[in-house]
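Quick notes on the structure that follows.
Where a number appears in this text, it was derived from the coordinates with a stated rule and is not lab data. Everything quoted here is computed from the prediction, not taken from an experiment. Note that we place each Cβ from the backbone using ideal geometry, even for glycine, and neighbour counts take in every protein chain shown.
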Ligand SMILES: [Zn+2]
């Protein structure tokens, strides 16, 4: 008998993470690892805690949210309640070109932490002190290293010396455990970078076996051109490519998601290696000042976008920009000026309604599509409900509702597929010896209840969540556990 079980999930429907059909059985957990998973009744000593799945609950690996902005949340909201209640045990951070390092005084994470640090090792020291509830692995952000090297507002290509300095940041990050490079090419300052700059930096990530994860230059009128750029960057740098929050924004572009996926399938057949993620909502969200200004705002944009977070005017939160302007009796440019010139106004976050439900279905059916919430953990505002609802929503809408995915296939997309892609070794499968990241949920009841009006409601249907062998969620209650680790990228050998 190797080691005693701390927990036994008894009489479960086991979704082992591989996509194989569900099987009946027990899952035993001890010393932070899976001891057994299968039809053989698990042995349990007198001290083991029995979690009775009654033949009704699914036991699966914990979910991996491959697209988060929780870099500061590991410090600011270490309980990660918005992730835990969804069944997530691991997060990929550092997305859209913004990482928690280097932190040299140009971003807000330093003010949250009360310190600065030059690299991933420094970030690791800053976050592990207080502990946090989920595992995380990080990308190094192109916007962050470009901000540190060139500045935010300088619209020009990097000099040779600046490029070498940025490449140094990527190399160091890979040595210190990052899983790759991320870009956010619609945002400043990443948008100033020519493709060649990204190829050079992605080459440094490729040398460490890492990924190139991208919020592409355009997700609307030039979606296909942007996909072509991402594929080219992968081909010329030798880097694996991962396309973040795949979508076609704006009504004239609806349906292009299918063309984009066809392009990716062709590239993969021809030797590229491209994966993707998406979130199951027709609305997007991000920093308002990146999308609109007093000079560019249109009535159409104002009608399709609402305030999520608006620090200087909390009363605007949850309301359409056009409605706020009407009720305040001012013109749209004046409203935008009022918000952006007020203290904290540039931190405003908006939600835009611009995607089609059919494109979500096309996305969810693709076998290389993972799930990434893209949640923005601004809990003082009315954030996009994806922050609290993404993972259970996939089950509610696409497993039970429309039948696009089986339970075991949905679990595979949330577990082994991302674990292998983002280098989370010995995670994502319920097999003996793997880390005990385990979710137990009711496949009939698991659903999101967060809405755009009430976005901070925790989902229903998760029974238990175990992170590194520690019970973190117990039938509706966060246990207060902080068992997460900042993982190092360990590419799978296959
Ligand atoms: Zn993004």
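Put the Cα centre of the range 148-210 next to the Cα centre of the range 89-115 and the gap is 16 Å. Measure nothing but the geometry: give the 0 to 90° angle between the long axis through the Cα atoms of 256-269 and the longest principal axis through the Cα atoms of the chain, rounded to 10°. Here the helix axis deviates by roughly 60 degrees. Taking the C-alpha atoms only, the angle from helix 195-207 to the longest principal axis of the chain is near 20 degrees. Taking Cα atoms only, the orientation of helix 160-175 departs from the longest principal axis of the chain by about 10 degrees. Here the convex hull built on the C-alpha positions of the range 101-174 has a volume of 90 cubic angstrom per residue. Each pair of Cα atoms in the range 8-125 enters the Kirkwood radius, and Stokes-Einstein at 20 °C and 1.002 mPa s then converts it into a translational diffusion coefficient of 126 µm²/s.
Can you tell me the FRET efficiency between residue 111 and residue 40 if r is taken as the Cβ-Cβ distance and R0 is 56 Å, rounded to the nearest 0.05? Before the final figure, lay out the partial values.
Values: r = 53 Å, r/R0 = 0.95.
Computed FRET efficiency for residue 111 and residue 40: 0.60.
Taking a virtual spin label 7 Å from the Cα of residue 300 along the C-beta vector, which residues in the range 325-358 bring their backbone nitrogen under 11 Å of it? So the set is empty, nothing qualifies.
So for the range 287-351, Kirkwood radius off the Cα pairs, Stokes-Einstein at 20 °C and 1.002 mPa s: how many µm² s⁻¹?
Values: Rh = 11.2 Å.
Taking Rh from Cα pairs, D becomes 192 µm²/s.
So, by mean Cβ neighbours within 10 angstrom, what's the order for 421-432, 154-165 with the highest one leading? It would help to have the intermediate numbers written out before the result.
Values: 421-432: 22.8, 154-165: 13.4.
Answer by packing, highest mean first, reads 421-432, 154-165.
Annotation: extensible slack from residue 56 through residue 23 equals 10.7 nm (criterion: 0.36 nm per residue apart, minus Cα-Cα distance). For the pair residue 426 and residue 47, the difference between a 0.36 nm per residue extended length and the Cα-Cα distance amounts to 133.8 nm.
Roughly speaking, what is the centre-to-centre gap between the range 400-468 and the range 52-87 when only Cα atoms are used, to the nearest Å? Rounded to whole Å, the Cα centres lie 8 Å apart.
Placing dummy labels 7 Å off each Cα toward the beta-carbon, the span from residue 196 to residue 454 is 5.6 nm. At 0.36 nm per residue, minus the direct Cα-Cα distance, what do residue 125 and residue 156 gain on full extension? Give it in nm, one decimal, please. The residue 125-residue 156 span can extend by a further 7.8 nm.
Summing -39500 (n - 2.57) over the DSSP H runs of n ≥ 4 in the chain and dividing by its residue number, what mean residue ellipticity at 222 nm do you reach, to the nearest 500 deg cm²/dmol? Please list the in-between numbers first.
Numbers: 17 runs with 147 residues, N = 494.
Calculated mean residue ellipticity at 222 nm is -8500 deg cm²/dmol.
The Rg/Rh ratio of the chain, with Rg taken over Cα atoms and Rh as the Kirkwood radius over Cα pairs, comes to 0.96. The range 272-314 and the range 1-41 have Cα centres lying 42 Å from one another.
On the basis of the beta-carbon distance and an R0 of 41 Å, residue 265 and residue 293 show a calculated FRET efficiency of 0.60.
Packing here is the average count of other Cβ atoms within 10 Å per residue, and on that basis the peptides 26-38, 178-190, 115-127, 324-336, highest first, run 178-190, 26-38, 115-127, 324-336. The largest-to-smallest principal axis extents of the Cα set in the range 342-494 are 53, 36, 32 Å. Considering all C-alpha pairs of the range 331-413, those separated by over 20 Å amount to 49%. Peptides 134-142, 41-49 ordered by packing proxy, namely the average of other Cβ atoms within 10 Å per residue, highest first: 134-142, 41-49. Along its three principal directions, the equivalent ellipsoid of the range 414-472 from the Cα gyration tensor extends over semi-axes of 26, 14, 10 Å, largest first.
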